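Inspection log for the structure reproduced underneath, given as structure tokens.
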């Protein structure tokens with residue numbers, strides 16, 4: 001038997017997210033169907049995390065075991081031949097027996113894309129959130145820095161409808177980069193709560209529009225109260241899971 005680690009990129013448009021669901025099509029189901037074709041029987045792939053409906057990925061990670069091992073380079077070609085164009089296996093490698101795509105992860109990087117301007121070019125529409133107003137970049141950067149560190153993020157997360165051991169997470173870095181009309185929010189952390197990244201970005205956009213002060217981030221973190229309508233959730237289509245880290249991150 002062979003255990004594998006694969007890196008997956010996907011366009012989440014039209015999918016219900018990563019996780020397999022009974023009444024909707026998830027990326028996990030699509031990948032497992034490709035693996036089942038190669039294996040000649042059911043194969044379960046375990047993902048590094050969940051992603052919401054409409055969210056994209058450039059560096060999602062999964063692991064699985066095959067009873068009929070295939071060399072990693074051949075596996076990439078074979079899987080991609082069975083997958084839709086919106087889902088690609090970027091690379092594959094043999095994995096040690098104790099590797100777990102989720103439990104072995106030390107951190108993740110998400111990127112959120114916003115286009116600031118009078119008109120959103122149509123080719124960008126599936127991947128960029130549109131904002132016609134001029135955003136205060138300096139204020140958003142000030143606010144983003146206040147997320148860095150170990151905090152209780154209950155005020156910036158949605159109810160996952162399941163028990164959580166803790167709502168504390170560590171943000172290693174949170175940068176706001178701008179090139180022309182394109183603004184990219186880049187956040188790295190040891191883990192993220194349900195809709196946490198989209199909630200943080202949604203609030204930063206409120207800061208950028210002048211509706212909130214940068215200091216309000218610290219006030220909400222200190223309050224440790226469940227999220228309210230004050231913290232908007234940014235649309236899912238602007239979010240990308242950029243990469244998953246399996247080494248300790250310092251920044």
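Laboratory data are not the source of any read-out in this text; all were calculated from the coordinates shown. In this text, all values refer to a predicted model and were calculated from it rather than measured experimentally. Quick reminder, even Gly has a Cβ in these numbers, built from the backbone with ideal geometry, and neighbours come from all protein chains shown.
Key figures
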| quantity | calculated |
| --- | --- |
| Most fluctuating residue given options 195, 68, 178, as computed from a GNM of the chain linking Cα atoms under 10 Å | 68 |
| D_trans [Stokes-Einstein, Kirkwood Rh over alpha-carbon pairs] for segment 107-245, 20 °C, 1.002 mPa s, µm² s⁻¹ | 142 |
| Relative contact order, percent, the chain [alpha-carbon distance under 8 Å, six or more residues apart] | 24 |
| For the chain, the fraction of alpha-carbon pairs in successive 5 Å shells from zero, as % | 1, 6, 13, 17, 17, 15, 12, 9, 5, 3, 1, 0 |
| Mean-position separation - Cα centroids, segment 179-229 and segment 101-167, in angstrom | 6 |
| Burial ranking of peptide ranges 142-154, 125-137 (average Cβ count within 10 Å, highest at the top) | 142-154, 125-137 |
| Principal-axis tilt of helix 196-208 within the chain, Cα atoms, nearest 10 degrees | 30 |
| Within the chain, helix-based [θ] at 222 nm, where runs of 4 or more DSSP H residues each add -39,500 (n - 2.57), nearest 500 | -6500 deg cm²/dmol |
| Reduced Cα scattering model of segment 35-87, Debye log10 I(q)/I(0), q = 0.25 Å⁻¹ | -1.23 |
| Relative packing of peptides 36-46, 2-12 - highest average C-beta neighbours within 10 Å first | 2-12, 36-46 |
| Per residue convex hull volume, Cα atoms of segment 1-146, in Å³ | 139 |
| Where the Cα pairs of segment 1-72 fall when distances are cut into 10 Å bins, in % | 21, 52, 24, 3 |
| Selected from 116, 168, 97 as most flexible by GNM, with the chain as the system and alpha-carbon contacts under 10 Å | 97 |
